[in-house]
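Written below as structure tokens is the structure these notes are about.
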Amino acid sequence: MKFGTKVIHAGIEPDPSSGAIMTPIFQTSTYVQDAPGDHKGFEYARTQNPTRTALENNLAALENGKYGICFASGMAAMDAIVKLLKSGDEVISTNDLYGGSYRLLTKVYNAFGIHSKFIDLTTPANLENAIGDNTRLIWIETPTNPMLNVVDIKAICDIAKAHGIMTVVDNTFASPYLQNPLNLGADVVMHSSTKYLGGHSDVVQGAVITSNKEVADRLYFIQNSTGAVPGPQDCFLMLRGIKTLHLRVQRSCDNARKIAHWLRDHDKVANTYYPGFEDFKNHDICKAQMRDFGGMVSFDLKENTLEAANKVLSNTHLFSLAESLGGVESLIGHPASMTHASIPREERLKVGLTDSLIRLSVGVEDVDDLIADLGAAFQ
Ligand SMILES: *Cc1c(COP(=O)(O)O)cnc(C)c1O
């Protein structure tokens with residue numbers, strides 16, 4: 001099955017009791033048994049729910065994996081993966097990691113004896129030097145937020161494999177339509193399904209996909225033991241959102257491409273960050289490992305001040321000022337004061353995250369209207 005068919009059909013059967021084409025919302029906490037232990041595969045809804053099972057099978061297929069495991073948020077999904085480790089183990093990750101992921105690794109897991117190193121993974125050779133005796137997990141994010149740095153997944157996985165270390169890719173920014181890390185050698189893929197997978201800014205959810213049975217069994221055990229499971233309504237909304245994933249993400253990519261080129265030519269814009277530019281670092285790797293260049297674009301202003309950024313941020317009408325990304329509606333954000341406010345200014349500036357840097361999550365509206373909206377806000 002090709003991707004555009006999988007989003008609609010993989011893992012999904014008409015309901016056997018009614019023929020309903022849409023997977024029912026099994027709003028139940030428990031299941032009746034004929035005799036103790038004599039049941040239809042469902043005992044208690046933290047452990048299993050048929051709506052969730054359909055979603056988990058669908059997600060596994062989208063990432064070309066064997067097992068899908070859903071969680072109540074992207075952070076809960078990451079938390080379950082880190083729980084595969086034990087005290088004394090070490091994680092290596094990128095130095096421009098999603099803020100929530102950085103917070104989980106440092107502010108939560110340091111206290112349990114799991115320590116993390118953050119390095120520039122856009123140059124794979126850096127990893128070889130950073131690996132130590134206790135390194136057990138490499139956490140990749142690509143493209144990154146908000147600078148859209150691209151990490152060579154296959155090169156990193158090859159190095160990790162040679163050392164017997166597990167690799168996980170946070171595939172949130174690309175979505176499974178654009179990038180399938182398991183095909184490139186990753187052991188595990190993680191999603192904040194809240195973003196492109198759900199796609200309509202109405203659900204918070206996370207997912208983990210793997211083809212490794214041992215890892216999957218352990219993750220199902222953690223899912224059931226710690227209980228951060230999504231409810232059936234949210235699983236239904238996720239299944240519905242995914243049916244148009246390929247259409248939405250392709251339109252976002254097409255719109256983002258036009259907006260990125262328009263921004264680069266604008267006389268008030270200093271730098272435009274978009275992996276689709278031929279002179280963008282690791283553009284060739286991006287082209288090889290992704291189907292298109294994604295729907296995210298960042299830029300900063302020649303008048304490089306917070307005030308100048310604020311003028312643009314508060315004068316768009318179609319682009320809504322909000323955190324998050326990946327929905328059908330376009331969003332505009334200011335990382336220095338919103339998502340990355342906890343990072344010291346000197347640290348931000350080192351990676352190009354200037355005071356006037358603005359991040360766009362380009363939605364699926366008509367691109368002419370989006371460009372006109374930005375144009376008016378620049379006046
Ligand atoms: C949003 C996000 C997360 C966290 O997911 P939640 O669903 O908000 O818990 C993790 N990684 C990336 C790259 C994200 O954008």
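Just so you know, all these numbers are worked out from the coordinates, no wet-lab data involved. Since the model is a prediction, treat every value here as computed from it, not as a measurement. Cβ atoms come from the backbone with ideal geometry, glycine included; neighbour counts cover every protein chain shown.
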(request) Please report how far the C-alpha centroid of region 173-197 lies from that of region 267-290, rounded to the nearest whole angstrom. (result) 20 Å
(message) Less than 17 Å apart at the alpha-carbon level, and either on another chain or at least 8 residues along: which aspartates and glutamates does that give for Lys311?
(response) Asp267, Asp300, Glu303, Asp355, Asp373
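Counting Lys +1, Arg +1, Asp -1, Glu -1, what net charge surrounds Cys70 among other residues with beta carbon under 13 Å of its beta carbon? If you can, show how the numbers build up before the last one.
Values: positive: Arg46, Arg52; negative: Glu56, Glu63, Asp234.
Summing Lys/Arg as +1 and Asp/Glu as -1 gives -1.
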(message) Between Gly185, Gly68, Gly113, where does the largest GNM mean-square fluctuation fall for the chain, given springs only between Cα atoms within less than 10 Å?
(response) Gly113
(message) Using the crude model of +1 on Lys and Arg Cβ and -1 on Asp and Glu Cβ, and no other charge, please compute the dipole size for the chain relative to its Cα centre, in debye to 20.
(response) 380 debye
(message) Quick check of the Kirkwood formula: for the chain, what is the inverse mean of 1/r over all pairs of different Cα atoms, in Å?
(response) 21.5 Å
(request) In whole Hz, with x marking every Gly and Pro, tabulate ³J(HN,Hα) for region 285-297 from phi via Karplus 6.51 cos²θ - 1.76 cosθ + 1.60, θ = phi - 60°. (result) 5, 4, 4, 6, 9, 10, 6, 7, 9, x, x, 10, 9
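Can you tell me how much longer the chain between Asp369 and Thr5 gets when fully stretched, taken as 0.36 nm per residue apart minus their C-alpha distance, in nm with one decimal?
Gain on stretching Asp369 to Thr5: 128.0 nm.
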(message) Per 0.36 nm of contour for each residue apart, how much would the distance between Ser17 and Met338 grow if the chain were fully extended, relative to their Cα-Cα spacing?
(response) 110.8 nm
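With a sphere of radius 14 Å drawn around the Cβ of Ile165, what net charge do the other residues whose Cβ falls strictly inside it have (Lys, Arg +1; Asp, Glu -1)? Before the final figure, lay out each step's value.
Details: positive: Lys117, Arg136, Lys161; negative: Asp89, Glu90, Glu128, Asp133, Asp158, Asp187.
That works out to -3.
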(request) Could you pull out the GluC sites (Glu not before Pro) across region 237-337 that fall in loop regions by DSSP (anything but H, G, I, E, B) with no more than 12 other Cβ atoms inside 10 Å? (result) Glu278, Glu303, Glu323
(message) List residues of region 20-41, by number, whose backbone nitrogen lies under 20 Å from a label position 7 Å along Cα→C-beta of Thr47.
(response) 26-41
(request) Can you pull the one-decimal nm distance between simple spin-label points at Leu349 and Ala322, each 7 Å off the Cα toward Cβ? (result) 3.4 nm
(request) Would you kindly compute the Cα radius of gyration of region 1-154 and its largest Cα-Cα separation (Dmax), both in Å? (result) 20.1, 59
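Given an 8 Å cut-off on Cα distances and at least 6 residues of separation, report the relative contact order of the chain as a percent. All intermediate terms of the calculation are to be shown ahead of the outcome.
On the way: 754 pairs, mean separation 63.3, N = 379.
Relative CO of the chain lands at 17 percent.
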(request) For Ser298, list long-range residues whose amide hydrogen, built 1.01 Å from N in the peptide plane, is under 5 Å from its own amide hydrogen. (result) Tyr273, Leu360
(request) Name the residue, out of Ile21, Ile140, Ile165, whose mean-square fluctuation peaks in a Gaussian network model built on the chain with Cα pairs under 10 Å. (result) Ile21
(message) Only counting other Cβ atoms within 10 Å, I'd like Phe378, Phe299, Phe173, Phe26 sorted with the fewest neighbours first.
(response) Phe378, Phe26, Phe299, Phe173
(request) Describe numerically, in nm with one decimal, the distance between label points set 7 Å from Cα along Cα→Cβ at Lys311 and at Glu329. (result) 2.7 nm
(message) If you average the alpha carbon positions of region 328-363 and of region 90-148, how far apart do those two centres end up, in angstrom?
(response) 20 Å
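Give me the extension gain from Ala130 to Ser225: residue separation times 0.36 nm, minus the current Cα-Cα distance, reported in nm with one decimal. Write out the running numbers ahead of the final one.
Values: separation 95, 0.36 × 95 = 34.20 nm, distance 3.32 nm.
Length difference between fully extended and current span is 30.9 nm.
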(message) Placing +1 on the Cβ of each Lys and Arg and -1 on the Cβ of each Asp and Glu in the chain, which of Val150, Val269, Asn64 has its Cα farthest towards the positive end of the resulting dipole?
(response) Asn64
(message) If Rh is defined by the Kirkwood formula over all Cα pairs and Rg also comes from Cα, what ratio Rg/Rh do you get for region 245-377?
(response) 0.95
(message) Below 14 angstrom from the Cβ of Ala125, what's the summed charge of the other residues (Lys, Arg +1; Asp, Glu -1)?
(response) -4
(message) Could you identify which residue out of Ser211, Ser342, Ser324 has the top mean-square fluctuation in a GNM of the chain using Cα springs shorter than 10 Å?
(response) Ser342
